Every structure is written in C-alpha cells, then in structure tokens.
There are 4 protein chains.
Amino acid sequence: MSRITLDEFKKVMKESLPFAVMMGAEVIELSEGRATFRLPYHDDWLRPGGTISGPVLMGLADLAMYAVVLSAVGRVELAVTTNLNINFLRKPAPVDVIAEARMLKLGKRLAVGEVELFSEGDPDMVAHVTATYSIPPR
Amino acid sequence: MSRITLDEFKKVMKESLPFAVMMGAEVIELSEGRATFRLPYHDDWLRPGGTISGPVLMGLADLAMYAVVLSAVGRVELAVTTNLNINFLRKPAPVDVIAEARMLKLGKRLAVGEVELFSEGDPDMVAHVTATYSIPPR
Amino acid sequence: MSRITLDEFKKVMKESLPFAVMMGAEVIELSEGRATFRLPYHDDWLRPGGTISGPVLMGLADLAMYAVVLSAVGRVELAVTTNLNINFLRKPAPVDVIAEARMLKLGKRLAVGEVELFSEGDPDMVAHVTATYSIPPR
Amino acid sequence: MSRITLDEFKKVMKESLPFAVMMGAEVIELSEGRATFRLPYHDDWLRPGGTISGPVLMGLADLAMYAVVLSAVGRVELAVTTNLNINFLRKPAPVDVIAEARMLKLGKRLAVGEVELFSEGDPDMVAHVTATYSIPPR
C-alpha cells in the first residue's frame, strides 16, 4: 500500500511544487512503488517540429518518480533527484502525455526508478527515463 | 564564428520556444560551439528544501545545448535532443542560475555536448549535464 | 523473425568480438528485437565486497544490445554504441549473470534499447541499462 | 594531497581488481580528486571497424573514477559505482588510451566525477563519462 495517499500527494504538489502546478500535471494513480501521471496538452509545450518540448517531458518524469519515492517512504519531501537520464524515442503527438513510473530498487539511501512516457492512446513509448533519488536519513 | 547570431537565437526563442520564454531564460553569450545562459531567479522554481526544481535546471541545460548546436550548424531548428543525462551535485541557492555549454563532438548526424550549471557568484557546480542532439539531413 | 540467426551471431562474436569471447559470454536466445545472454561466473570478475565488477556487467549489456540491433537490421557489424547508461541496483551474487535486452525504438539512424541484468535464479534486477546504437547508412 | 598513494592504489588493483589487471590498465598520476590512467593497446580490445571495444573504455573510466574516489576518501575499497553514463564521441585509433578523471562533487554519501578518454597523442576526446560512486558509512 502506498505510504502517501493520492490526495496527500496532490496536497504536496499544491503546497510545494509550483513548477508542477504551473505545468498542470495531474496524478492519476498511486500505489506502493508505482505512479501514473497525465500532462494535459498545452500549446506552450510545443517546440519546432510541432512536438512537445523535452524539458516538459523531463519535468513530468521527474515528478512521477518523486511520487513513486514518496509512495514507498512516506512524506519525506526532502528526497531529491541525484541523476536523471532520458532517451527521447519518438516525436510526441500534440495530445496529453501519460507517464508510468515504477521503482526498480529502494535502498536505505538511494531509490532508483524507471518512467515510461506515452502520447495518450498510442502504445509506442515516446521517451524512457531512469532516475535516482537520494533519501535523507530519517 | 557562430553560425547564428545572438539576436537570431533570441528570435528563435521568441517565435518557437514558448517554454523557454515562460521560464524567462536569457542567452548571454554565443560563439561557435559555446553558449552561456542565465535563468533569473523566480519563486516558482522552488521545491521542498528551498532549492531550485530539477526540471528547471534540465530545461535550462537543454536550451543552452540547443543554442550550441545552432551555433555550429546554423538555423536547423529541427535538431532534437535524443539523450540527456544530468547529475545534480549541490543544492542551488535561491539566486540566478548560469549555464555554460560547449560542444564535445559535432558529427554529421549527432552533436554531443556538456553543460555546467552554477548558482551565480559561486564557483561550485550545482549540476552537470551531457546531451546529444540529432541533426536532420540537410 | 530475427534478421540474424543465433549461430550467425555466435560467428560474429567468434570472428569479431575478442573481448566478448574472452569474457565467456554466451547468447541464449535471439528473436527480432530481443536477446538473452548468460555470463558464466568466473573469479576474475570479482571486486572488493565479493561482488561482480561493474565493467563486466556493462560489457555484457553492451553485447546483448548489439545482438538486439543485429536481430533487427541484419549483419550490420559497423553499428556502434553512442551512449550507454547503467544503474547498479543490487550487489550481484557470485553466480552466472543473465542479461535480457529489448529494443525500445528502431529508427533509421539510431536504435535505443533496454537491458535488465539478473543474478541467475533471483528475480531482483541487479542492474538496469539503456543504450543507443548508431546504424550506418545502408 | 591524495589520501592513497600511487603505490597503494597499484596494490589495491593487484590484490582486488583482477579485471583491471587482466585489461593491463596502468595508473600514471594520482592527486586528491584527480587521476590519469593509461590502457596499453592490445588486439583483443578491437571490435568491427578496427576500433576499440566500448566495454574496454567503460572499464578504464570506471577504474579511473574509483582511483579518484579513493584519492579523496582513502582506502575505502567498498565504495561502489551506482551510475555510469558514457558518450562515445569518436572512433578510437588502435593505440593506447589515456583516461583523465576528476571529482565534480564529493559528498558524505555520494561522489560524482567526470572522465575524459583520449587516444594517445590526439587532443580530440574519444569518449566522455560521468560516474557516481556510493561511499559506505565510515
């Protein structure tokens, strides 16, 4: 079971993650070690080629991984990203983006996870992310 | 000599990169294979711990590398990021962020570069980025 | 269907990949976009802590991804790695290592894939790799 | 000043890193936060295209970064790589490879560094690596 509820995570976003709020990211599902997010499409995310800007995808993936970490360790808000690696695979269509994140390894000090990004309604992955969070001593 | 002027790159940002405009990123210097950017500090970039949000740093680095690519190949706006890897090294202070980007290798099809991020006035790097852009056939 | 047979890939290894031969890596399965490899345990792979050396895991993952690329494009031996990112998740036991590789995206110029590494008989992943290969013009 | 001498590191290699010994890697210089290594050329490192195999470069980089970590924290042999990212930039010539490694950030729990790889006698970088080591509690 997730150690933080969906509503608690929404509250964390609202109170502490203005960038995520500004992007309009929404948490859809949250269970221990797993999270699904949606980023509603917005013209401001476009870049040349009619595709969604890379930083928007990176921001969404980082947020989804943050939720995965909190789902496993509880409301440890000072967990911080130490490494993020993204491979952009396909040009995302100008539609909502779905992020599916999962924990690969939860250690005492580090949590490593994977995030798969999709254009809504299309099974082909648009980007693949791995990310590491550092968990402060508790 | 850069194959795109500072003013031309500002125009590209204004016309085609709404996300960069929204972030308020500013190009400071541009020469062939090198670029310096500044991100004025804004409360909206904060995350828990009073530090600047990771996605903001990733967005700034990606933008600086895009400028480096255009400085070398000209206004090939369809160049796209294929891979970006970031290591977060130190908690950035709540001040402007400076990004210094340089080309490591310009090939026919791929350009690889490195971006160092600093809090203004502090010599200790806050984050280190490597990024690869794919250059479309011309 | 794979565009290179298991026996053809063994021949490529024998003729052209002395490092893989020296490591003793074995291809187990090969289908289009997927490959499984085994690395028989050997004392020479150890490092302090009684665990298997990182470079051995990286070498095995790179080899498995090479097979995945050839399974999709045929015997294009000049395909080369452009980027490899590895996260070490758990201390591998001193037993055989299994690598399961799959294609995430096959483009005209780049192929991106993912490799999961396991200690034989243990479902917990010991390392996770993403890798990009550049495919020469044909 | 380095917290481990050149001779002490050679001893660590000989006693505990059989893979490095097998590769024939040599430490050339070691100071606090910096290390230079040489990998003598050997036909066994070749791969199709007459170039040096990627895993050999990764192994050399990982080793050089390990020396950098020990130069800063002393003989903490259980320090382990948690993440390594490599960009292959140019086809290395069939000559010795030189690795220049430096610390980007030494924290209590993590050390992050950068390794630049060159073909001896050529100023163009052949590969760029960033790596993170986890430092056990002391």
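Checked against (1) surrounded by fewer than 19 Cβ atoms within 10 Å (Cβ to Cβ); (2) under 20 Å from A:V76 (Cα atoms); (3) within 14 Å of another protein chain (Cβ to nearest Cβ), A:F19 passes all but a single condition, namely (1). A:E29 meets all of the listed conditions (1) in contact with a helix residue (DSSP H, G or I) (Cβ under 8 Å, 6 or more places away or on another chain); (2) part of a helix (DSSP H, G or I) but one, namely (2).
Checked against (1) under 15 Å from the mean Cα position of the chain (by Cα); (2) surrounded by fewer than 17 Cβ atoms within 10 Å (Cβ to Cβ); (3) free of Cβ contacts under 8 Å to residues at least 40 places away in the same chain; (4) away from chain A (no Cβ under 14 Å), B:M1 meets all criteria but (1).
The test for being surrounded by fewer than 23 Cβ atoms within 10 Å (Cβ to Cβ), within 9 Å of chain B (Cβ to nearest Cβ), closer than 26 Å to C:V129 by Cβ and over 11 Å from the mean Cα position of the chain (by Cα) holds for A:L89. Among the numbered conditions (1) away from chain B (no Cβ under 11 Å); (2) touching a residue at least 12 places away in the same chain (Cβ under 8 Å), the only one that A:K105 does not meet is (2). Scan the range D:61-75 and give yes if some residue there is closer than 25 Å to B:G113 by Cα and modelled with pLDDT under 95, otherwise no. So far as the range D:61-75 goes, no, none of its residues is closer than 25 Å to B:G113 by Cα and modelled with pLDDT under 95. Considering only residues in the range C:40-59 that are free of Cβ contacts under 8 Å to residues at least 60 places away in the same chain, out of contact with any Gly (no Cβ under 9 Å at 6 or more places or on another chain) and outside any strand (DSSP E or B), the one that is farthest from the other protein chains (Cβ to nearest Cβ) turns out to be C:Y41. Restricting the range C:108-134 to residues that are without any contact (Cβ under 8 Å) to a residue 40 or more places away in the chain, within 18 Å of B:V80 (Cα to Cα) and not hydrophobic (A, V, I, L, M, F, W, C), which is surrounded by the most Cβ atoms within 10 Å (Cβ to Cβ)? Ranking the qualifying residues of the range C:108-134, first place goes to C:R109. Checking the stated criteria, C:F37 turns out not to satisfy the condition of being buried (at least 21 other Cβ atoms within 10 Å of the Cβ), part of a helix (DSSP H, G or I), within 14 Å of chain D (Cβ to nearest Cβ) and touching a residue at least 12 places away in the same chain (Cβ under 8 Å).
Of A:A127, A:A111, A:A79, all but one fail to be at the interface with chain B (Cβ under 9 Å from one of its Cβ atoms) and in contact with a strand residue (DSSP E or B) (Cβ under 6 Å, 6 or more places away or on another chain); the exception is A:A79. Put simply, of B:G54, B:G24 the only residue that is at pLDDT below 95, of a type in the set (G, A, S), surrounded by 23 or more Cβ atoms within 10 Å (Cβ to Cβ) and within 23 Å of A:L63 (Cα to Cα) is B:G54.
Tallying residues that are part of a helix (DSSP H, G or I) and over 15 Å from the mean Cα position of the chain (by Cα) within the range A:4-13 yields 3.
Pairs are defined by a Cβ separation below 8 Å, a sequence spacing of at least 6 or placement on different chains, a first member in the range C:60-82 that is within 19 Å of D:L89 (Cα to Cα), and a second member that is among the aromatic types (F, W, Y) and assigned to a helix (DSSP H, G or I); the pairs so defined are C:A79/C:Y66; C:T81/C:Y66.
The values are calculated or read from the model by the stated rules, or taken from the named source; none is laboratory data. These figures come from a predicted structure and were not determined experimentally. Cβ sites come from the backbone with ideal geometry, for glycine too, and all protein chains shown count toward neighbours.
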